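Structure, as structure tokens:
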Amino acid sequence: MWKFYGLAAFVVALDQWTKWLVVKNMTLGERIIILDPYLALYSHRNRGAAWGMLQGKMGFFTIITIIVIIGIIYYFHKEAKGKPMFQIGLMLLLGGAIGNFIDRLVKKEVVDFADVLIPIINYDFPIFNIADAALTIGVVITILFILKEERAEKKKVK
């Protein structure tokens, strides 16, 4: 079970390292094109939540994040035993939550840097970081796990 905590630790380490690289090597607002126009590094800071919502509400984010971290750890130990898909989803959520939490506590803002334009629909996705990506992937995996479990339950009932 503890090996899954390694995944969360890896997410936190990778997140903090990439943010450190951006802060150390890029000026705020600097943009480095990787694959024009679809992918760029863009040095950005966010004092709110996802997509810049609730700017400057650090006390609120601190309380919510602590509650979320406690909830993830609780579910991991009480509900996820023997369910690797659920365990991975929860540990991605934990790593992402802790990664952004460190920024909020230390810097009072979150370092974002991944700037992606989604082709076909031509959508300029909000700038994000490794922690945000881990949170998103963790939510998707967790939802897929829940849907899979519900489907299995329905088959048992029939």
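The values are calculated or read from the model by the stated rules, or taken from the named source; none is laboratory data. Just so we're clear, the structure is a prediction, and the values are computed from it rather than from any experiment. We place every Cβ from the backbone using ideal geometry, glycine too, and count neighbours over all the protein chains shown. Only protein heavy atoms, including side chains, enter the accessible area calculation; ligands, DNA and RNA are left aside. Shrake-Rupley method; radii C 1.70, N 1.55, O 1.52, S 1.80 Å.
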ask   = Any idea what the dipole of region 14-125 comes to, in debye rounded to 20, about its Cα centre with Lys/Arg Cβ at +1 and Asp/Glu Cβ at -1?
value = 480
note = The answer for region 1-113, accessible area per residue at 1.4 Å probe in Å², is 58
query = Could you give the nm distance between label points at Ile102 and Tyr74, where each point is 7 Å from its Cα heading toward the beta carbon?
reply = 2.6
remark   = Partner lysines whose C-alpha sits under 28 Å from that of Lys108, ignoring same-chain residues fewer than 8 away, are Lys19, Lys24, Lys57
request  = Pop out the carbon and sulfur fraction of the accessible area of region 45-145 as a percent, whole number, probe 1.4 Å.
outcome  = 74
ask   = Got a number for the accessible area of Ile34? Probe 1.4 Å, square angstrom, nearest 10.
value = 100
message = Could you report the accessible area of Val22 in Å², rounded to 10, computed with a 1.4 Å probe on the protein chains as they sit in the structure?
response = 10
request  = Provide the gained length on full extension for the span Asp36 to Lys83, in nm with one decimal, where the gain is 0.36 nm per separating residue minus the Cα-Cα distance.
outcome  = 12.9 nm
message = At 1.4 Å probe size, what's the solvent-accessible area of Lys108? Round to the nearest 10 Å².
response = 120
remark   = Restricting to Cα pairs under 8 Å and 6 or more apart, the percent relative contact order of the chain works out to 30
ask   = Is the chain rounded, prolate or oblate when judged by the Cα gyration tensor, a ≥ b ≥ c being the square roots of its eigenvalues, rounded requiring a/c under 1.5 and prolate requiring a/b larger than b/c?
value = prolate
